[in-house]
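Below: the structure, in structure tokens.
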Amino acid sequence: MATHKTRMLIIGSGPAGLSAAIYGARAGLEPIVVQGLQPGGQLTITTDVENYPGFRDVVQGPWLMQEMEAQAVHVGTRMLWDTIVSVDLSGPPFRAIGDGGDIYEGETLVIATGAQAKWLGVPGEVEFGGKGVSACATCDGFFYRGRKVVVIGGGNTAVEEALYLTNHSPDVTVIHRRDSFRAEKILQDRLFAHPAVKVLWNKAVVRFVGDLGGGGLTGVEVRDTVSGAESLVPTDGAFVAIGHAPATELFKDKLAVDSSGYLAVEPGTPKTAIPGVFACGDVMDHIYRQAVTAAGTGCMAALDAERFLATREFAALQKASA
């Protein structure tokens, strides 16, 4: 067991955490990034990335995260492979304990633990991931221009995804296991009024089907929740939109969360209610959930952490000279 000390401790290594690390390292804070169970975050399980600024051609998600990590290390970040199992936010310094017993202490703490899309857990969902099944219309809808798509879900996320997909597809079907949506009425009104959208009520997805050898997804099998009858819905793409789960378990009863379960921050900033503790990326953002916005909030967290330290040090100097 060892103790690792730093001026900026970052938990999470997706675009938010690595962007915070890059800015923090350039400010001389010698950040430590504890990478967690999924080093690189959600982009490491994404294939084609076509909307990250700076790349004219499609790039691969894992490659993009490798480049971000390499840049962070190049400017002075320490990347440590560990999974944090508990935190003490009574500092500074703030303390985090790894599953092997190592202790990490930071004069500031940047939380970038992200969020995970909720999945249905039915056959074919994993196998067709990146081959027709997605959990992000904004990320992948572009690949289905002029093609038939389905959206699975009944809340705000599903309705918003369906409406977004009408920018690319002339044939959008929403599959919902109940006979009414949970989404806000204004969103429902927009959906029902759109000529490119139809809804299949009382249908539960049973499995995703297609050709794993190269053809990709060809359809979604559904079961009528009233009659029990099964049928096939032909489609080129399926978007699972049943919500996201932010990775906030470490901070339960330690930091406030908003109405959607994401870490609460001061509006327009990554500042939590505890001075010196910042949250960035998908763990605090239930609206945009994009790599580029996560990176932006990571930058904000590092800049605010640097200002926090500078203010604290200035106050200490003034106290010492009084």
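With at negative phi and either surrounded by fewer than 24 Cβ atoms within 10 Å (Cβ to Cβ) or assigned by TED's automatic domain parsing to the domain that holds GLY213 (or both) as the only criterion, which of GLY153, GLY129 stands out?
Numbers: GLY153 fails: at negative phi.
Result of the check over GLY153, GLY129: GLY129.
Among the residues here, ARG312 qualifies as surrounded by 12 or more Cβ atoms within 10 Å (Cβ to Cβ) and either among the hydroxyl-bearing types (Ser, Thr, Tyr) or in a helix (DSSP H, G or I) (or both).
I need the full set of residues from the stretch 253-273 which are outside any loop (DSSP other than H, G, I, E, B) and out of contact with any Phe, Trp or Tyr (no Cβ under 9 Å at 6 or more places or on another chain), in order please.
Filtering the stretch 253-273 down to residues outside any loop (DSSP other than H, G, I, E, B) leaves 257, 263, 271.
Result: no residue meets the conditions.
Exactly one condition in (1) free of Cβ contacts under 8 Å to residues at least 12 places away in the same chain; (2) closer than 26 Å to SER19 by Cβ; (3) not hydrophobic (A, V, I, L, M, F, W, C) is not met by GLU107; state its number. Of everything listed in (1) free of Cβ contacts under 8 Å to residues at least 12 places away in the same chain; (2) closer than 26 Å to SER19 by Cβ; (3) not hydrophobic (A, V, I, L, M, F, W, C), GLU107 misses just condition (1).
From THR83, THR113, grab the single residue that is assigned by TED's automatic domain parsing to the domain that holds PRO275 and touching a Pro at 6+ places or on another chain (Cβ under 8 Å). That would be THR113, the only listed residue that is assigned by TED's automatic domain parsing to the domain that holds PRO275 and touching a Pro at 6+ places or on another chain (Cβ under 8 Å). I need the full set of residues from the stretch 175-189 which are buried (at least 16 other Cβ atoms within 10 Å of the Cβ) and not in a loop (DSSP other than H, G, I, E, B), in order please. Once the filter is applied, which keeps residues that are buried (at least 16 other Cβ atoms within 10 Å of the Cβ) and not in a loop (DSSP other than H, G, I, E, B), the stretch 175-189 yields ILE175, LEU187, GLN188. So for the stretch 265-280 (the condition being of a type in the set (A, V, I, L, M), crowded, with 17+ Cβ neighbours inside 10 Å and within 25 Å of ARG182 (Cβ to Cβ)), does at least one residue qualify? Looking for residues that are of a type in the set (A, V, I, L, M), crowded, with 17+ Cβ neighbours inside 10 Å and within 25 Å of ARG182 (Cβ to Cβ), one finds none in the stretch 265-280, hence no. Just one of the listed residues (ALA245, ALA162, ALA196, ALA158) is of a type in the set (Gly, Ala, Ser), modelled with pLDDT of 95 or more and within 19 Å of ILE287 (Cβ to Cβ), namely ALA162.
Could you check how many residues of the stretch 91-144 are of a type in the set (Lys, Arg) and in contact with an Asp or Glu (Cβ under 7 Å, 6 or more places away or on another chain)?
Taking the stretch 91-144 as the starting set, the residues that turn out to be of a type in the set (Lys, Arg) are 95, 118, 131.
Keeping just the survivors that are in contact with an Asp or Glu (Cβ under 7 Å, 6 or more places away or on another chain) gives 95.
The total comes to 1.
Among the criteria (1) outside any loop (DSSP other than H, G, I, E, B); (2) touching a Ser or Thr at 6+ places or on another chain (Cβ under 7 Å); (3) within 23 Å of LEU303 (Cα to Cα); (4) not hydroxyl-bearing (Ser, Thr, Tyr), the one PRO62 does not fulfil is (3).
Entry remark, the stretch 132-150: residues being touching a helix residue (DSSP H, G or I) at 6+ places or on another chain (Cβ under 9 Å), of a type outside the set (A, V, I, L, M) and either under 16 Å from ARG289 (Cβ atoms) or surrounded by fewer than 18 Cβ atoms within 10 Å (Cβ to Cβ) (or both) number 5 in total.
In the stretch 236-249, the residue that is nearest to VAL87 (Cα to Cα) out of those that are surrounded by 16 or more Cβ atoms within 10 Å (Cβ to Cβ) and among the hydrophobic types (A, V, I, L, M, F, W, C) is ALA247. With respect to VAL205, determine if the residue is in the same structural domain as VAL159 (by TED's automatic domain parsing) and either assigned to a loop (DSSP other than H, G, I, E, B) or under 24 Å from LEU165 (Cβ atoms) (or both). Yes.
What's the total number of residues in the stretch 30-59 that are outside any strand (DSSP E or B), farther than 13 Å from SER13 by Cβ and in contact (Cβ under 8 Å) with a residue 24 or more places away in the chain? Spell out how you get there, then give the answer.
If we filter the stretch 30-59 for residues that are outside any strand (DSSP E or B), which is where we start, we get 30-31, 35-47, 50-58.
When the remaining residues are screened for being farther than 13 Å from SER13 by Cβ, the result is 30, 45-47, 50-58.
Okay, now just the ones that are also in contact (Cβ under 8 Å) with a residue 24 or more places away in the chain, so 30, 45-47, 50-53.
Within the stretch 30-59, residues that are outside any strand (DSSP E or B), farther than 13 Å from SER13 by Cβ and in contact (Cβ under 8 Å) with a residue 24 or more places away in the chain number 8.
Name the single residue that is nearest to the chain's Cα centre (by Cα) among those in the stretch 234-252 being over 19 Å from THR272 (Cβ atoms) and not in a strand (DSSP E or B). My answer is GLY243. Here the condition is being surrounded by 22 or more Cβ atoms within 10 Å (Cβ to Cβ) and under 20 Å from the mean Cα position of the chain (by Cα); of GLN60, GLN42, it holds for GLN42 alone.
Residues are listed down the side, and each one gets a yes or a no for (1) of a type in the set (S, T, N, Q); (2) over 25 Å from SER227 (Cα atoms); (3) in contact (Cβ under 8 Å) with a residue 24 or more places away in the chain:
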residue: GLY100; (1), (2), (3): no, yes, yes
residue: ALA117; (1), (2), (3): no, yes, yes
residue: GLY132; (1), (2), (3): no, yes, yes
residue: ALA137; (1), (2), (3): no, yes, yes
residue: ILE175; (1), (2), (3): no, no, yes
residue: GLU184; (1), (2), (3): no, yes, yes
residue: GLN188; (1), (2), (3): yes, yes, yes
residue: LEU191; (1), (2), (3): no, yes, yes
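In the stretch 37-61, the residue that is nearest to TRP81 (Cα to Cα) out of those that are at pLDDT 80 or above and among the charged types (D, E, K, R) is GLU50.
The values are calculated or read from the model by the stated rules, or taken from the named source; none is laboratory data. Quick caveat: nothing in here was measured; it's all calculated off a predicted structure. Using ideal geometry, Cβ is built from the backbone for each residue, glycine included, and neighbour counts are taken over all protein chains shown.
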